Structure formats: C-alpha cells, structure tokens
Amino acid sequence: MEKLKSLVPETLKRSIAVSTADDLPRTCSSLADFLLHFEPFHQMVRDLADPEVALCGKNIEAALEAKQKGNKCFLRSDYAEALDCYTQALRVAPMDVDEDRNLVATLYTNRASVLQKLGLLRECVRDCNRALQTSSNYAKAWYRRGKANASIGNYEDAICDLDVAKVLELSMSGKRQIESEMKVISDQHKSMNPSEQDNENNSSIFDELRQMELQCVTTPEKGRGMTSTSDLPQASLVHTEDPFAMIILKPCRETHCHYCLNELPADKVPCTSCSTPLYCSQKCRIQAGGKMCWDYPSNQNILENLSADLEKYIADTTLNVESETDTEHIPEHKHECKGVHWPAVLPSEIVLAGRVLVKSVIKRRGSTDTFHRSEISDLSHHYSKMPPETKLELHIYSAVLLYCLQHSDGFELPINGLSISQIVILISQIRVNSMTIVRMKSIDYHGLDDQFGKLTPWGEGLTSNMEQVKVGQAIYLSGSLFNHSCQPNIHAYFLLRTLFIRTTEFVASGVPLEFSYGPQVGQWDCKDRVKFLEDEYSFRCQCRGCLNVNFSDLALNGFHCVKPNCSGIVLDTGVVNIEREKLKYLPSIVSTSSVEPHLQVEEFNTDEINKLAPHVQPNNVFDINPGFCLKCGSYRDLESSFAAADKARMRIRRLQDAIVSHDVSSTVLLDALSSLGLLRSTFFAYNRSIAEAEDNLAQAFCLVGELQPAMEHCKASIEILEKLYNPNHIVIGYELVKLSSLQLSLGDSAAAASINRLYQIFSCYYGSHTYVIFPYLRFLRREKHISSLEDQLT
C-alpha cells in the first residue's frame, strides 16, 4: 500500500487531500484513469485475486506431509502436536475427487483417535461423523465412533456403530473382536441406572425474546437517535439484531470461529474450498458459504444385509449435519473462496466492505447499477473530516476491492469513478458505524484460560480475572442508530453474532438510549475522551459526562495537595483547560439558588455533587489554575511531581513485566510497594494510577502465594474504582471476580456478600444471559454455597 501511495501523481494526491464527499466521483475517476494504465497495480491485483496464483488454496502434497507428521507424533504419544498436524492437513486437503475425499475421511478419523486419547470424547464423535459424511463405508470411523459413544455412555448408539463396523470389517478376527466389545457394552448398558442418563439443558440462549417498542428521533446536537415509547426498568432487553455483515478480526483467525466468533473447539472444521477460515461446526461452515460433500446414498454396498433400523441409523448419522439454514440467508464467505488470499491480506474493514457490497448486490437480485440498499446508504459518515493520508488510502483500497471482486464468480462489477466513490463512502460508513464484537474471557493468575468453568482448584490459590477479547467487526443497521454517551444508560453485548442491548438503569419514556462508543467516564478523563471521539468518529461529544461536572474527570489524573491533611485536588494544565467551562457551574452545584435557567438542577447527579463537595472550595472555583489546590489554594510544583510519578510508574511497569513472565522477585515486589507509597503521596487519593498499582500488587502477591495481602490490595483498588465509576458499574463486577476468588481461597466469610453483589451487577448488564456470558459465576455461587454449608457444620 505504501509503495502504491507513493506512485500516485502529486496533483491527484492534492486533489484527494482536499476532497469532500461531493468531489468523490471526480477524484475517483482520476484515480481510475491512472490505475487503468498502471501495470504494477494490475499485477498486484492478479497476485491477490487470481485463483491460479492463490496462496490459500488446497494442496494435496501439503496435506499428505502434515498427515505423515501427525502419524509420527501420534506414535510417540505427542497428542497435542498430532492434533495440530491433522488439523493443518484437513485445512489444505482437497475434496474434488474420490481419492481426495478418502484422505479427508482418514484425516478426520485419525484426529478422532487423538481426541479420544486426550479425553475429548464428544469432539471425537463429531470428527467420526465428519469422516462418515465424507465416506460412509469407512469401517474404522464407525468403530472409533462406537468406542467414543460407549465412553460417553451413549450405549445404544455405540452398539449400532459397532454393528455397522462389524458388517464392513473384512477379516474374521476383526469381526470377532468387535462382537466381543459389543457384548461388553451391552452388559454395561443393561447394568446402568436410568438416573445416570445424560440430562443436558437444551434451553436456548435466545429464549428471552421480549423487546420494547423503540422509535428513531432526531435531536439538534446528535442527529438521529433511539428512544423508548415507554418507561424502561433496569436490565430491560430493549433490542436484538443480527448483523447485516460481519468479519472476524485478524488476530482471532486461528482461535475463533469465522462465522459465529465463538472460541474454536479442538475439532476445528476447515472450509471445503480454501485454507483460510476455520469453523466451530459444520453448521457454521455451511452458513458461511462452504459446500458439503455427501457420500450417501451413492455407496449402496453398505446397505446390504442390514436391518431397516440399522439402515435408518446410517442415514441419520451420515446426513445429520445441522445444515438447516434460512432460505433468505446469504453466504458471506463464498465470494472470497477458491484460495484467493486478498481476504487474508487486506484490512478487516475493507473485507467487511466487500461483504456489505456483495450482500447488497445479491439482495437486489444481482443488479450492480446501485451498490447500496437504502438502509446502507442512510448510514452516516465523516469522509470530509478525514486526514489527507486516510482519504488517499480509502481511494486506493476501494479500487483494489472492486478489482478483486471482479474475479469472483457472478460479479461483473463496473469499475469507474462512480463505483469507486461509492466504495469510498461505504468504507467511511463502516469506520463510523461498525461495532466491535467482543467475547468475555476469564483468566486465572496462573495463566489458565477459563471458558467453561474448568479452573485450578481453590487449594492451589486461584484468583480469576476478566478480560475482553475483540473478535469481530460488524454492521448492525438498527444498532448503528443508538447514539454515544460517556455515561451510558444501556449496555451492548453479543451472543454468537447477535447484538443484545439492555438498560443498565431506569430510563424514562422519551429519554435517549445511549451506549459508549469508547472509553467511559471513570476510565479516561474528559480531554482524552473528547480527543478519542474526534479522532475515531469525527464528532465532539455533547453527552452529560462531557458537559457537566463530574468527580471522575477531576480525580482520575489529579494530584494530591501539598498539605498532607487537605483533601483537595490539584489539576494539571490539560485537565484545567477542558474542565474550566464545566467548573464555572460549581457554585450552582453547591448552592442551587443561582442555577441558570437553561441548567436544570436534575442535570447534576446527586452522587457527583456529594463526591465533589469535600474536595473543592466553591468560593475559589473561578480562580482555579494548574498546580493550585481546588480546596485550599496551595501550590504544587507539577514538573517535579510528574518526574516523581514517572519514576514510580517505571517500577510498577517492572512489576507488570514480572507478572507476565510469572517471575516476581522479592526485590521487584518491594520496589513496587515503595512506588505505591510515592504514588499515594503524589497523586490524589482516587487517581486511577493508584488503582492500577494496587491491582498489579494484588496479582503479584497472588503469584507468590501470599493471598492475604493480595486481597487487601484488591480491595484498595476496588475502593478507588467505586469512586471513579459507581458501585454497580460493570467494571466493579469484573474486579469483584478477583476479590471473591481470593476470599473463597482464604475462607473469608465476606466472599458470600462479594459473590451476591457480583451476581447483581452482572444480572443488571446481562439479564438472563448472565451465566452464558460468564459461566464461571455459576461455579463461584456453587463454591459459596458449599463454603456456607461447611461453616454451618463447624
């Protein structure tokens, strides 16, 4: 991209740099004329999009090589490496002819053997299913499926599996061995207690269907937004929506399903036509656009000498692949397939633009006269406010995308100034309106991942931590209508690909429903939030958190007064410059008699007033200056204070590095404790840097096995965050995960209260989906109950 940008004529660069949306047809036409006769550009597009030179295609030689490596690993009992090898072989193995399909069936069966060795029995059964759906008369797959089903306790299926394997087995000794194993399984089945049958909860995560009636409104400050026609209680589910288009983010391509974005299981499913995407199931592969290769009922020899029941069992096993799809569903990966590697090379937002474009064309029954459906073209954009370098990039990427899509089957897209300009606008719309899909991940301080509540036993000193993982980027047409607030009243989260929006507080009828596009009050101060939103979304925030005085924006990066007993805040120049306009209303906050007409008292949050009162002097509020205490007026030398804080932070960073490497020495720990003291004497008591230092010390003490000080530092961090956010904010919930884990490990009776509070916070933000989003919470509540029973017995 950089080389191509440097070759664009300077006159065209200058024209693009000052262009507006209205100028795009002209500037894009000039770029199209230049690229049309520029051979290096066409060579680059051929390298990206020509199936003949595809780097992400299938390769039989590579598949056989990976298979052989997997076999060697299996023989030396290196099952983890064998699993990776067989998965890689499946990823590149073609399925065009019978010989290729037999290889795929063998690979699935070999991987099933590895999964069985690793104790992943359900995954083993699924791989056997895939082998049989590829080659239904593969005796080894039926046998492996029968053994795995028996281990799970699915005895009836196990007997049927082995019965089929016995029919297909050619040797008499093999048939006798299978008969012997069938007898053992049959005896186990007869002796099994009916209460031991597997009773799985099959309730759907989408059972909560009730939604409120919303309406789109327009305001002078924010344009379009969403409100409710009725009052909304806290935790109300107000909106659900599937994406118009979605793409997985590059860092997650090897770890998460390319369709539903869930974490990939051990039995990953590759695309049948290229080596790029991985899926968690065949259903996701089909939804994304991958084709299936069926082997039933072409091999009729398997049906000979079988009972009608067993024949039906074979059909159900080899055809049941969860392949039901919506008739209106449009596959999103199909146009990217055949091994071309432009979807793997181009930025995610460009690939997402391609998916939006293709879906729009298909929905218009193939018409390419107008790329956008009306709901797509209605989305806002801020092209005119973009930096010159970004405008040039968008021009070039739009042309590249159109040329790449031309190589896809069934897409004869015009490439001219108008079409390129439409893609430029589309990418601009994606930058403003797309949402980042995240997954919650729980990690203990010993480095073990928790997705299903399988964590280190309490006796080993477990503490757990919450982490948000960015996995995808998507366009939600209705979701894009909800405006931003740095103090939001709704919360957005995702299950599979579906967006859910839920209120986090009571919201009266007609009040705008707003969630945060980025950092919230309590996370960053006002000046940093305003800059972020201007840089990323090209608007200056007008939310209540940025217009009204709030404690967090003053405290977050504030300094301690030089007088030890003074509780006042000292602000630096950056904070003072942006807060001065808000601070002039402090007299109105403290004494409501002089509230200006356009500033209603209810605009100011009572909690914020109570937080501010001990730390400011209303009579001196108009005289605030950098370095002067807001309460007593004492001066602090900020230059030396910054230097001292930087030195302390450097030692805290050493501690962070030691935590990452799991090598916390006593020297590093003592230095960090000394630095915490320096931070406390330099910064305001509720400065976020102190909270972060306390949190790092909690992690460090946990790693060295000293849980009591770990718990105390965790509590100190939470105390600060409660002031910066509010006691029921989701961030406090994440911190309570750590605290409750430590309290349970120490046998602290306060664990019950922490877990109950954690449950209340998560229920507010996730409602009935709380356990789905955070399954570890169920484990915590169970441990709390067990601990309570033990206390009653002692």
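The values are calculated or read from the model by the stated rules, or taken from the named source; none is laboratory data. All of these numbers come straight from a predicted model, not from anything done at the bench. All Cβ positions, even for glycine, are placed from backbone atoms using ideal geometry, and neighbour counts span all protein chains on display. Please note that ligands, DNA and RNA were not included when accessible areas were found on the heavy atoms of the full protein model with its side chains. Shrake-Rupley method; radii C 1.70, N 1.55, O 1.52, S 1.80 Å.
Tabulated data for the structure shown
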| quantity | calculated |
| --- | --- |
| Solvent-accessible area of residue 86 with every protein chain in place, 1.4 Å probe, in Å² to the nearest 10 | 10 Å² |
| Peptide ranges 648-658, 103-113 listed from the most packed, as the mean C-beta count within 10 angstrom indicates | 103-113, 648-658 |
| Approximate shape of the range 60-189 as ellipsoid semi-axes (Cα gyration tensor, √5λ), whole Å, largest first | 26, 16, 12 |
| Mean accessible surface per residue for the range 60-189, computed with a 1.4 Å probe while every protein chain stays in place, in Å² | 45 Å² |
| Per-peptide average of other Cβ atoms within 10 Å, ordering 330-339, 123-132 highest first | 123-132, 330-339 |
| Solvent accessible area, Å² - residue 307, 1.4 Å probe, full protein context | 60 Å² |
| Heavy-atom accessible area order for 349, 39, 412, largest first, 1.4 Å probe | 412, 39, 349 |
| For residue 718, solvent-accessible area (1.4 Å; no DNA, RNA or ligand), Å² | 10 Å² |
| Probe 1.4 Å, protein heavy atoms only - accessible area per residue of the range 666-742 in square angstrom | 32 Å² |
| 26 Å Cα-Cα threshold exceeded, pairs from 582/723; 582/738; 69/117; 140/250; 391/441; 69/268 | 582/738; 140/250; 391/441 |
| For residue 489, residues with placed amide H under 5 Å, excluding near neighbours | 514 |
| With every protein chain in place, the range 670-780: carbon and sulfur % of accessible area (1.4 Å) | 52 percent |
| Peptides 762-773, 180-191 ordered by average Cβ neighbours within 10 Å, highest first | 762-773, 180-191 |
| Accessible carbon and sulfur surface of the range 60-189 relative to its total accessible area, %, 1.4 Å | 49 percent |
| Computed over the range 60-189: relative contact order in percent, which uses C-alpha pairs under 8 Å that are six or more apart | 16 percent |
| Residues whose placed amide H lies under 5 Å from that of residue 471, excluding near-sequence neighbours | 437, 438, 439 |
| FRET efficiency, 1/(1 + (r/R0)^6) with R0 45 Å, evaluated for residue 469 and residue 650 via beta carbons | 0.95 |
| Pair residue 617, residue 14: separation of 7 Å Cα→Cβ label points (nm) | 5.8 nm |
| Heavy-atom accessible area order for 1, 711, largest first, 1.4 Å probe | 1, 711 |
| Accessible-area order (highest first, 1.4 angstrom probe) of the listed residues 159, 755 | 159, 755 |
